[in-house]
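The values are calculated or read from the model by the stated rules, or taken from the named source; none is laboratory data. This is a predicted model, so every value here is computed, not measured. Counting neighbours? That spans all protein chains shown, and the Cβs are built from the backbone with ideal geometry, glycine included. For accessibility, only protein heavy atoms count, side chains too; no ligands or nucleic acids. Shrake-Rupley method; radii C 1.70, N 1.55, O 1.52, S 1.80 Å.
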Amino acid sequence: MLKAIIFTAFCLMLAGCVDLGAVGSNPSVKQVYFNADSHDTYVCLDDEATRNNLTLEEDTQLSSGERKFYLKDQSETLAWVDMSSTNNSSTVDIFYNKEDVDLVNKVDKIIENCHNALD
């Protein structure tokens, strides 16, 4: 019983350390597909983020090969970006706060420009 209490307390402590940034605890998800490998998709997303005064910061890559990123402005994380790739196509999941109209417009512009460049 004591082990269960200690384990639960430890899990709650770790959960409190997660920085949700502006993403929030209940983000919207936008899934997009690109006809390009993960490297080319990353380069395009990174370039377009920069054009929109944002940065795409890579997190630790998962053992499955999936890449994780933070889309940030100067002060906080605005979105989480997960990218997986098979052959010459990539799937990108963007987790963000859909109530932030400025961010939604920037994300839509990034996606549109990368579709035009990669597809």
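Hey, among 94, 111, which residue is outside any strand (DSSP E or B), closer than 17 Å to residue 42 by Cβ and touching a strand residue (DSSP E or B) at 6+ places or on another chain (Cβ under 6 Å)?
Working: 94 fails: outside any strand (DSSP E or B).
From the options 94, 111, the qualifying one is 111.
Limited to region 60-88, what total is found for residues that are within 22 Å of residue 105 (Cα to Cα) and of a type outside the set (A, V, I, L, M)? Spell out how you get there, then give the answer.
Narrowing region 60-88 to residues within 22 Å of residue 105 (Cα to Cα): 68-83.
From what is left, the residues that are of a type outside the set (A, V, I, L, M) are 68-70, 72-77, 80, 82.
Residues meeting the conditions: 11.
Find the residue count for region 91-110, including only residues that are closer than 17 Å to residue 51 by Cα, of a type in the set (A, V, I, L, M) and either buried (at least 18 other Cβ atoms within 10 Å of the Cβ) or in contact with a helix residue (DSSP H, G or I) (Cβ under 6 Å, 6 or more places away or on another chain) (or both).
Pass one, region 91-110, residues closer than 17 Å to residue 51 by Cα: 102-110.
The next check asks that each one be of a type in the set (A, V, I, L, M); those that pass are 103-104, 107, 110.
Cutting the leftovers down to either buried (at least 18 other Cβ atoms within 10 Å of the Cβ) or in contact with a helix residue (DSSP H, G or I) (Cβ under 6 Å, 6 or more places away or on another chain) (or both) gives us 103, 107, 110.
Count: 3.
Just to confirm my filter: which strands (runs of 3 or more DSSP E) fall fully inside region 48-90 and include at least 3 residues that are open to solvent by less than 70 Å² (accessible area, probe 1.4 Å) and at pLDDT 90 or above? Before the answer, list the steps.
Details: elements: 55-58, 67-72, 77-86.
Once the strands (runs of 3 or more DSSP E) in region 48-90 are filtered for at least 3 residues that are open to solvent by less than 70 Å² (accessible area, probe 1.4 Å) and at pLDDT 90 or above, what remains is 67-72, 77-86.
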